[in-house]
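Read through the structure below, which is laid out as structure tokens, and then see the notes.
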Amino acid sequence: MAAAAEASELGLSVTIIDEQPRAGGQIYRDVDKVSPSRAPILGTDYTDGKRLTESLRQSGIEYLPGAVVWAIEDQFRIMYTCEGRGAQIQADRILLATGALERPMPIPGWTLPGVMTAGAGQILLKQSGVVAKKSVLVGSGPLLYLIAAQMVRAGTPPVAMIETQTRSDLGRALWHVGGALRGWRYIMKGLKMLAEITLARVPRYSGASDIAIEGDDAAKAVTFIYKGRERRIDCDIVFLHHGVVPNPQASRSLRISHNWNAAQQSFVPKLDEWGQSDVAGVFIAGDGAGIGGAKAAEQAGRLAVLKIAEDSALLSTQDRDLKAAPLRRELGRELAARPFLDTAYPPYIAALTPDDNTTICRCEEVTAGEIRGYAKLGCLGPNQTKAFGRAGMGPCQGRYCGLTVTALLADANRQSPDETGYYRIRAPLKPVTLGELAAMDDMVQNSAE
């Protein structure tokens, strides 16, 4: 949204293809429709998104909501479906803003009904005003505190928070305290949320291990070890979260190079300082380029557009750099606390390399043990696992098992994640029906960007 507004102001023709039915993305989902009673629960960081959605109403921006991109072909022909029919659009340049996915947290019982991601809990609150009762939050990271604080404000606090980060993690994070102080806004927000959670007397169990979810037909309880003792907490809903990772499907389908980021335990696309990839004309901004948060995404989107405007002869190099300077300063402030947060709240190690009996590919019901078995048979990378046992071939196309498959194979074969690689993503990126293809217009709409 920020990139589109900047591009329009600079005289570029812009089309936004948005998978969601309304503007706002994941962070500001349905912000234009939020009720006055719900706004204080979600906080000013959420309602601040209205300034971005309002900016889309300016001339020069064509906004296509409810449009699902399923292929990006050579020369930037974008194929998508909208309102039950296929369509195409031709662009000179593409800015991918695919955002993040919640890192999958495969632990025993995570496929039971009643278990969902913390982000799904937020969607229920933002979109429908629904707050889950008798729920437990499990994992690590700032998002857990945000959701817990929002639940407290809504009058339905979680039964407990089972956290996996340890004191050792916090000790290692102190090496990055300088950046944390520079990004003091994030630290203050975190302390405020913790104060809300503490005042509501929500039990917190930090450094938990051996976490499992009990239940036959649905989640009934969470078991774990805390300070050497076995614990069990009854619940109806379990929210899992241990970080977010870039959504790489579109960028990988374009064969953009990706490298392993050890700090964020994920692959990130290889980009220059303007967000330009090694595929000419393709830019990436926001969490799809590496996790930085909503505010950082705004600055990155605007920076990418400045480069696009220069390439389009709408902006001189001198003017580009002059406009970029304050954006870079703000981006630096937004990213300053990231090393501290990444170190203090690492992914739950037991979910990165799960036990053999734990399902990791939910679509095809493939277990961690089966992946390790494929490695013993000579499987070296995720693409080969498709032949061995269909992992990554379900409807999600590896979105939720890809990183786990890479981690398991890398560990079993004593390789690095970069050597092991990731799934080779092909169209369609999302399911498309024959009816939608049959209804596709032959005419290709043209867009400058």
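The values are calculated or read from the model by the stated rules, or taken from the named source; none is laboratory data. Keep in mind that this is a model prediction, so the values were computed, not measured. Here the Cβ is made from the backbone with ideal geometry for all residues, glycine too, and neighbour counts use every protein chain on show.
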- Item | Of all residues in region 276-298 being without any contact (Cβ under 8 Å) to a residue 40 or more places away in the chain and in contact with a Pro (Cβ under 9 Å, 6 or more places away or on another chain), the one that is surrounded by the fewest Cβ atoms within 10 Å (Cβ to Cβ) | ASP278
- Say we look at region 1-38 and pick out the residues that are among the polar types (S, T, N, Q) and not in a helix (DSSP H, G or I); which of these is farthest from ILE78 (Cα to Cα)? SER37
- Task: Inspect all residues belonging to region 199-215 and state whether any of them is in contact with a Lys or Arg (Cβ under 6 Å, 6 or more places away or on another chain), free of Cβ contacts under 8 Å to residues at least 40 places away in the same chain and surrounded by 13 or more Cβ atoms within 10 Å (Cβ to Cβ).
- Result: no
- Task: Working carefully through the options THR385, THR358, find the one that is at pLDDT 95 or above and either of a type in the set (D, E, K, R) or buried (at least 20 other Cβ atoms within 10 Å of the Cβ) (or both).
- Result: THR358
- Query: Can you tell me which residue in region 401-428 is farthest from the chain's Cα centre (by Cα), limited to those that are of a type in the set (Ser, Thr, Tyr) and part of a helix (DSSP H, G or I)?
  - Reply: THR420
- If you scan region 103-144, which residues turn out to be touching a strand residue (DSSP E or B) at 6+ places or on another chain (Cβ under 8 Å), outside any strand (DSSP E or B) and hydroxyl-bearing (Ser, Thr, Tyr)? THR111, SER140
- Message: Within region 39-59, take every residue that is within 24 Å of the chain's Cα centre (by Cα) and part of a loop (DSSP other than H, G, I, E, B) and give me the one that is surrounded by the fewest Cβ atoms within 10 Å (Cβ to Cβ).
- Response: ASP48
- Note on the structure: Taking region 251-265 and keeping only residues that are crowded, with 19+ Cβ neighbours inside 10 Å, touching a helix residue (DSSP H, G or I) at 6+ places or on another chain (Cβ under 8 Å) and among the small types (Gly, Ala, Ser), one is left with SER251
